[in-house]
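These notes are about the structure you will find just below.
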Amino acid sequence: MFCSKCGAELADDAKFCSKCGASTVQKAESDESQSKRVLHQTDETASEKVEAECVDVNEEKRIDRLMDRIVACLHPVALVCVIFSLICCLYIRVDRHAISLVKDSSFADYAPNKSINDLVDNFIASPKWKCRHENDKCFVDVKGKVLYDGKKSKVILTFQVDKKEQDYNVTGLKIGKQEMNDPYSINYFLYTMANQ
């Protein structure tokens, strides 16, 4: 042991410094109280760390439970989204098939060597093809504009598609606000379209 005042070497059991007379007992008590304080601080720090780790573990468990709930809720939503996407893809495929069937066919009575698509492109301005389903029936509509009675008018030409038979029939014609669904009007329109 050494004196805290002058630094002289002392015997381990000395109560005073033999050189300067400074007391060594206070030093020992002070060292002991300091070590107790350090131990107490270390204990507090360790317990704070343990508490912090417990809080972190509890927080992680709470987050895990929350994530489990979110995932459990998302499973049905994801399943519905996947089913909806598959149905949409199926309908789009069916719609494209129905439109292609009509476009690639011809009007055998009027222009057997020309596709309906070519006839429509030459006769109807800005044609838009659309497939729709009503009462388990498939329809293909061609919308655009034609010159009718000296002015441009909207036209809708409707085909009913039989997917099983791979066939179609022209079932509707609307020019402007006038519905012309009778066979004579439809045949006259098809004849005019084929011979334009």
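The values are calculated or read from the model by the stated rules, or taken from the named source; none is laboratory data. The structure displayed is predicted, hence computed values, not measured ones. Here the Cβ positions follow ideal geometry from the backbone for every residue, glycine too, while neighbour counts run over all protein chains shown. We work out accessible area using only protein heavy atoms, side chains counted, and drop any ligands, DNA or RNA first. Shrake-Rupley method; radii C 1.70, N 1.55, O 1.52, S 1.80 Å.
Would you check if Lys154 is touching a helix residue (DSSP H, G or I) at 6+ places or on another chain (Cβ under 7 Å), charged (D, E, K, R) and open to solvent by 70 Å² or more (accessible area, probe 1.4 Å)?
Here the answer is no, as Lys154 does not meet what is asked.
Quick one: what pairs do we get from the stretch 128-148, first residue closer than 19 Å to Arg96 by Cβ and open to solvent by 100 Å² or more (accessible area, probe 1.4 Å), second part of a strand (DSSP E or B) and not β-branched (Val, Ile, Thr), C-beta under 6 Å, 6+ apart or different chains?
Listed pairs, sorted by first residue: Lys128/Lys143; Lys130/Asp141.
Take Val102 and decide whether it is open to solvent by less than 80 Å² (accessible area, probe 1.4 Å) and at pLDDT 95 or above.
no
Residue by residue through the stretch 111-127, note down the ones that are under 16 Å from His97 (Cα atoms) and among the β-branched types (Val, Ile, Thr).
Listed by number, the list holds a single entry, Ile116.
Name the residues in the stretch 161-178 that are assigned to a strand (DSSP E or B) and of a type outside the set (Phe, Trp, Tyr), would you?
Val161, Asp162, Asp167, Asn169, Val170, Thr171, Gly172, Leu173, Lys174, Ile175, Gln178
Would the stretch 179-186 turn up any residue that is within 15 Å of Ile116 (Cα to Cα), modelled with pLDDT of 90 or more and not in a strand (DSSP E or B)?
The answer is yes, given that some residue of the stretch 179-186 is within 15 Å of Ile116 (Cα to Cα), modelled with pLDDT of 90 or more and not in a strand (DSSP E or B).
Anything in the stretch 149-166 that is under 44 Å from the mean Cα position of the chain (by Cα) and without any contact (Cβ under 8 Å) to a residue 40 or more places away in the chain? List them, or say none.
Listed by number, the residues that qualify are Lys152, Ser153, Lys154, Val155, Ile156, Leu157, Thr158, Gln160, Asp162, Lys164, Glu165.
What are the residues in the stretch 168-184 that are surrounded by 12 or more Cβ atoms within 10 Å (Cβ to Cβ) and either of a type outside the set (Gly, Ala, Ser) or over 20 Å from Asp121 (Cα atoms) (or both), if any?
Tyr168, Val170, Thr171, Leu173, Lys174, Ile175, Glu179, Met180, Asn181
Of the residues that make up the stretch 72-90, is at least one touching a strand residue (DSSP E or B) at 6+ places or on another chain (Cβ under 9 Å) and either modelled with pLDDT under 75 or small (Gly, Ala, Ser) (or both)?
No, there is no match, as no residue in the stretch 72-90 is touching a strand residue (DSSP E or B) at 6+ places or on another chain (Cβ under 9 Å) and either modelled with pLDDT under 75 or small (Gly, Ala, Ser) (or both).
Name every residue in the stretch 113-127 that is without any contact (Cβ under 8 Å) to a residue 60 or more places away in the chain, of a type in the set (S, T, N, Q) and either surrounded by fewer than 14 Cβ atoms within 10 Å (Cβ to Cβ) or in a strand (DSSP E or B) (or both), in order of residue number.
Result: Asn113, Ser126.
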